[in-house]
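Asks: Shown below is the structure under consideration.
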Amino acid sequence: MYWLQIYAFYEPARFEPGAEITLIPLQGAGPEVIVAENVTGIDATSSPLRFRACFNTPLSQAMLTETYQVYEGAQPLIAPPWFDCFNAERIGRALETGEAIAFLSVPDITPGVDRVVAVFPDGAAFAWHQLNDKLKEDPNARLAD
């Protein structure tokens, strides 16, 4: 059972054209691709919440906050221990102190689940999926879509 929870079902996430790291602009409708380097990620078809990614961006926090939607209430989820570039506790603390800033990447990437990206001042960045308010308020909302 331990092996199933920690290792099974995960596969490398793909970031080819059409599946790049994106953010939602303050002005405009759809997500925009941002500069992302050294991207590595994991995903699983067994749950939309298993997605995690680590990357670097040369874009500054100042430029990002002036251009893209900040995501309130970001809460990174713990990654499997073998995916060690993603430290949810460190990211969460940095979001709480304001060191890192979270942005909306893809709303409702799956009904009730948003993709969130957090960026640190040095350009280190992380992405994950988390439940949005729609699903938090009504756990059956995903079934209705």
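The values are calculated or read from the model by the stated rules, or taken from the named source; none is laboratory data. No experiment lies behind these values; they were computed from the predicted model shown. Because the Cβ atoms are built from the backbone with ideal geometry, glycine has one as well, and the counts that use them run over all protein chains shown.
Asks: Please work out if ALA102 is farther than 20 Å from ILE24 by Cα and aliphatic (A, V, I, L, M). If you could, list the steps in order and put the result at the bottom.
Replies: Values: farther than 20 Å from ILE24 by Cα: no; aliphatic (A, V, I, L, M): yes.
No; evaluated as a whole, the condition is false for this residue.
Asks: Scan the stretch 22-49 and report the pairs whose first residue is without any contact (Cβ under 8 Å) to a residue 24 or more places away in the chain and over 20 Å from TYR71 (Cβ atoms) and whose second residue is of a type in the set (S, T, N, Q) and surrounded by 11 or more Cβ atoms within 10 Å (Cβ to Cβ), with Cβ atoms within less than 6 Å and a gap of 6+ or a chain change.
Replies: Partner pairs satisfying both residue conditions: GLU37/ASN56; ASN38/ASN56.
Asks: Within the stretch 17-30, does at least one residue satisfy the condition of being modelled with pLDDT of 95 or more and surrounded by fewer than 16 Cβ atoms within 10 Å (Cβ to Cβ)?
Replies: Yes, because at least one residue in the stretch 17-30 is modelled with pLDDT of 95 or more and surrounded by fewer than 16 Cβ atoms within 10 Å (Cβ to Cβ).
Asks: Go through the stretch 84-112 and give me each residue that's in contact (Cβ under 8 Å) with a residue 60 or more places away in the chain and either hydroxyl-bearing (Ser, Thr, Tyr) or in contact with a Phe, Trp or Tyr (Cβ under 9 Å, 6 or more places away or on another chain) (or both). Reasoning before the result, please.
Replies: Filtering the stretch 84-112 for residues in contact (Cβ under 8 Å) with a residue 60 or more places away in the chain gives 103-107, 109-110.
Across the stretch 84-112, the qualifying residues are PHE103, LEU104, SER105, ILE109, THR110.
Asks: Which residues, taken from the stretch 39-48, are surrounded by 11 or more Cβ atoms within 10 Å (Cβ to Cβ) and either at pLDDT 90 or above or farther than 19 Å from ALA125 by Cβ (or both)? First the steps, then the outcome.
Replies: Residues of the stretch 39-48 that are surrounded by 11 or more Cβ atoms within 10 Å (Cβ to Cβ), as a first pass: 39-44, 46-48.
Once the filter is applied, which keeps residues that are surrounded by 11 or more Cβ atoms within 10 Å (Cβ to Cβ) and either at pLDDT 90 or above or farther than 19 Å from ALA125 by Cβ (or both), the stretch 39-48 yields VAL39, THR40, GLY41, ILE42, ALA44, SER46, SER47, PRO48.
Asks: Take the residues in the stretch 28-41 that are over 11 Å from the mean Cα position of the chain (by Cα) and assigned to a strand (DSSP E or B); name whichever of them is farthest from PHE86 (Cα to Cα). It would help to see each step written out before you state the result.
Replies: Of the residues in the stretch 28-41, the ones over 11 Å from the mean Cα position of the chain (by Cα) are 28-40.
With assigned to a strand (DSSP E or B) added as a condition, the list becomes 32-33, 37-40.
Numbers: GLU32: 23, VAL33: 21, GLU37: 15, ASN38: 13, VAL39: 12, THR40: 10 Å.
Only one residue fits best here, namely GLU32.
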